[in-house]
Structure formats: structure tokens, C-alpha cells
Amino acid sequence: MTVTSDSLMGEPGPGGRFGEFGGRFVPETLVPACMELEAAFAEAWGDPLYRARLDGLLADYAGRPTPVTECHRLSERLGVRVVLKREDLAHTGSHKINNVLGQALLAERMGKTRLIAETGAGQHGVATATAAALLGLSCVVFMGDVDIRRQELNVFRMQLLGAEVRPVSSGSRTLKDAVNEALRDWVATVETTHYCLGSVMGPHPYPYMVRQFQRVIGDEAREQCRSLLGGADPDVVVACVGGGSNAAGTFAGFVDTSAALVGVEAAGGAAIGRGTPGVVHGMRSNFLQDEFGQILQAHSISAGLDYPGIGPEHANLAASGRARYDSVGDEEVLDAFRLLAHTEGIIPALEPAHALAWLARAVAAGEIAPGSTVLVTLSGRGDKDVQQVKEMGR
């Protein structure tokens with residue numbers, strides 16, 4: 001199926017809509033801030049000087065372009081040709097730095113002196129703290145108590161970089177609640193603060209803006225794959241999805257090709273598979289909720305995918321049929337985590353291990369033809385998760 005970028009993954013419609021999803025559902029006090037951000041991003045994105053400074057930092061500071069790695073032993077094991085887009089090799093260890101550098105430069109341009117962020121697995125928090133240190137901005141990161149316990153290394157990294165990590169003890173004490181607290185802070189401090197939201201979620205312009213900052217993944221991967229594959233595109237493009245920024249950035253590079261697009265959610269947070277439309281965190285999208293519209297608690301072995309919703313553009317891609325969304329369970333993820341380590345000497349984060357788990361299952365089920373080429377976005381490295389997996393006896 002080929003869909004042009006004019007119809008999907010272009011600019012959102014009026015009010016920041018992707019089909020029936022997206023929009024801007026925020027308190028009146030935040031409407032001016034969202035509109036200011038929308039105007040500032042549009043101006044900056046069209047400014048060659050801003051783009052040149054961002055591109056320079058992505059190259060000289062973040063280490064872009066990240067390579068595409070062919071996985072010979074894993075490919076032999078699975079019977080398909082597997083290539084990885086290596087976001088784990090970017091500075092700070094994940095794709096999060098792409099978005100954060102763009103937003104931090106934008107905050108500086110807007111005259112903001114303080115960054116706030118939410119984080120689950122800690123990688124977005126680390127990236128935000130990193131950019132704040134680089135540009136001389138103060139930084140506060142909101143993180144659920146549960147995630148603080150299972151991501152102690154990243155908490156220390158944020159503090160080492162000069163950020164304050166504020167524990168969140170309300171609700172499920174995970175990513176959803178960290179977003180809630182960050183939004184409350186932003187309401188109270190909007191004159192001096194920029195909310196550096198970490199995924200393609202939240203009120204407009206965040207879903208569109210974050211996707212644009214992350215599309216460097218897909219744009220690079222498309223050219224790299226064509227060089228590697230003799231001008232051809234992969235048959236299948238796979239990425240993990242929580243809010244969905246690494247997947248959105250990857251899909252943006254391939255949405256107008258014949259490649260099948262597959263987003264992989266955690267089984268305990270499958271907003272596409274088990275969710276229904278609703279409005280949470282300033283956006284209309286799919287969420288896990290009960291018959292009364294109360295948001296249900298998500299679960300994932302991965303703190304970064306422990307979110308009961310999904311970005312609105314992903315909801316629209318699913319509704320249009322352009323992308324497929326599936327889910328995998330914790331045991332499958334742990335098996336995939338070890339599989340990549342044993343076959344390729346690469347330890348993935350638990351988040352992209354979801355994409356690898358889906359690939360292994362899809363091949364075994366005959367859903368991917370033998371000899372097909374599959375691109376997997378390895379959105380982060382597994383240093384942060386090794387202790388957790390060790391404690392689980394895996």
C-alpha cells in the first residue's frame with residue numbers, strides 16, 4: 001500500500017488535527033502558551049539559521065547521522081534480512097536527544113530560562129537535562145515513584161547533569177502521572193518555562209513539532225537503506241510505540257513508500273489494540289479506559305512504554321490502515337532482549353526489544369515472507385535496563 005505524504009504525515013489540519021485525532025484541549029491559561037509555541041516553532045522551522053544551528057548540534061554534539069547496522073547472525077537465525085537504525089548510538093543513548101535539542105533551542109529563542117519535562121524510562125529526562133546544561137537553562141524533571149525505583153541510574157545521571165528530579169506519588173506513580181504534574185507546573189510558570197514534552201502527544205503543536213524533530217530518523221534511514229539495498233526500500237519497517245516519537249520519526253521517512261509500517265505496543269498498554277477514543281493530556285486519541293471514561297492503569301516491563309494512550313497521529317495512521325499496531329508481552333520482550341545481545345553483541349533497551357519481539361513472533365507465524373528485508377528502529381541502548389533484567393533472574 002502506497003500513501004503519499006500529502007495525505008498522511010504532512011502538516012496537521014485545522015486545530016492540529018490528524019483526522020479525528022489531535023487538537024488542543026487545555027485549560028484557558030495554557031491556550032496562549034500553546035499558540036505562542038505554535039507560532040514560534042513555525043517561524044523557527046522556516047528560519048535557515050535556526051535549522052543550521054540545530055543540524056550542527058545534531059551532527060557535532062549528538063553524533064548524527066546514526067548508522068544502519070546489518071544483523072548477519074540474527075538474520076540467519078530468523079530467515080529474514082534484519083537491519084537496525086542505531087539510535088542507541090546517539091548522545092545520551094537514545095533518540096530523545098533529537099527532539100530535545102530542537103525544543104531547547106526553541107525555548108532559548110522564545111526567551112524561556114527553565115525547562116521542565118516528564119520521563120518514564122528516564123531517557124527523555126536525561127536528554128532534557130543534557131540540553132539544559134549545554135544551553136545554561138535550569139531544569140526540573142517529573143518522574144513517577146515506580147519509575148524512579150526501576151531507573152535509579154538515569155535518575156543519578158539527571159542529577160549529575162544539574163537537573164532536579166521531582167518524584168510523583170499520585171495515581172499509578174508512572175509516566176501518565178508525571179505528565180500530569182508537568183502540565184500543572186507549566187500552568188503556574190508559563191512565563192519563564194518551556195515544557196519539553198518528550199513524545200508525539202499532548203496538545204497541538206506538540207505531536208506535529210516532536211514528529212518533525214524526530215523525522216531525521218526516518219529521513220536518514222530511508223537514504224541509508226536505499227544505499228544498502230541497491231535503491232530499494234525495506235519490506236517492513238518496525239518500531240516500538242508508547243507515545244510513539246521514535247516510530248513517528250521513522251514512519252515519516254517511509255510513509256510514501258510501499259514498506260509496511262508496524263508499531264509495537266506493550267501488551268499492558270495497547271491503546272490501539274484495546275483502547276477507545278477519548279481526551280487526555282490535551283489531545284484526542286486512543287486510551288485505555290473503562291465504560292465511564294476513567295483511564296485505566298497501563299503496565300509494561302519497560303518504563304518508557306508504560307502509558308495508557310498513544311500519540312494522535314498514530315491513532316490516525318491506524319484508523320487509515322496505513323500502519324499496523326500490534327502488542328507483545330513481557331516474556332517475549334525479555335527473550336528478544338537476550339536474542340539481540342547473543343546474536344549481535346548489541347544490548348537493546350527494553351523499549352525497542354518490543355519491536356524485536358514482534359519481529360521474532362511474526363517470522364515464526366509466517367507473517368513475514370522468508371528473505372524479506374526488515375528495518376527495526378533501535379530507539380535506545382540497554383544500559384539502563386540491565387540491572388532490572390538481572391534482578392528478574394533473566
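Nothing in this text is a laboratory measurement; each read-out follows from the coordinates by a stated rule. Note that the structure is a prediction, hence the values are computed from the model and not measured. All Cβ positions, even for glycine, are placed from backbone atoms using ideal geometry, and neighbour counts span all protein chains on display.
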The chain, relative contact order in percent, only Cα pairs under 8 angstrom and at least six apart counted: 21 percent
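Set the Förster radius R0 to 45 Å, insert the Cβ-Cβ distance between His342 and Glu28 as r into 1/(1 + (r/R0)^6), and round the FRET efficiency to 0.05.
Step by step, r from the Cβ atoms, then E = 0.25.
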Where N is the number of residues in the range 184-252, Cα Rg divided by 2.2 N^0.38 Å: 1.44
Table column - 3J(HN,Hα) (Hz), the range 99-106, Karplus curve with 6.51, -1.76, 1.60, x for Gly and Pro: 5, 5, 4, x, 6, 5, 5, 5
Cross-link partners of Lys85 among lysines (Cα-Cα below 27 Å; sequence separation of 8 or more within a chain): Lys96, Lys384, Lys390
Euclidean distance of C-alpha centroids, the range 212-230 and the range 336-370, integer Å: 21 Å
q = 0.12 Å⁻¹: log10 I(q)/I(0) that the Debye formula gives for the range 14-62, counting C-alpha atoms only: -0.42
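I need the peptides 82-92, 133-143 ranked by packing, meaning the mean over residues of other C-beta atoms within 10 angstrom, with the highest value on top.
So the order, starting with the most tightly packed, is 82-92, 133-143.
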nm² value of the averaged projected area, convex hull over the Cα atoms of the chain: 17.5 nm²
Relative contact order (%) - criterion: Cα under 8 Å, at least six apart; region: the range 226-298: 22 percent
The range 1-121: radius of gyration and largest Cα-Cα distance (Dmax), Å: 18.7, 56
Pairwise centroid distance, computed over Cα atoms, of the range 243-265 with the range 90-143, Å: 24 Å
Length added when fully stretched, Ala39-Leu135, from 0.36 nm per residue minus Cα-Cα: 32.4 nm
The chain - mean residue ellipticity at 222 nm from DSSP helices (-39,500 (n - 2.57) per run, n ≥ 4, rounded to 500): -13500 deg cm²/dmol
Two-decimal Rg/Rh across the range 84-178, once Rg and the Kirkwood Rh are taken from alpha-carbon atoms: 0.98
Spin-label model distance (nm) - Glu164 vs His299, 7 Å beyond Cα toward Cβ: 3.5 nm
Translational D in µm²/s for the range 119-275 (Stokes-Einstein at 25 °C, 0.890 mPa s, Kirkwood Rh from C-alpha pairs): 143 µm²/s
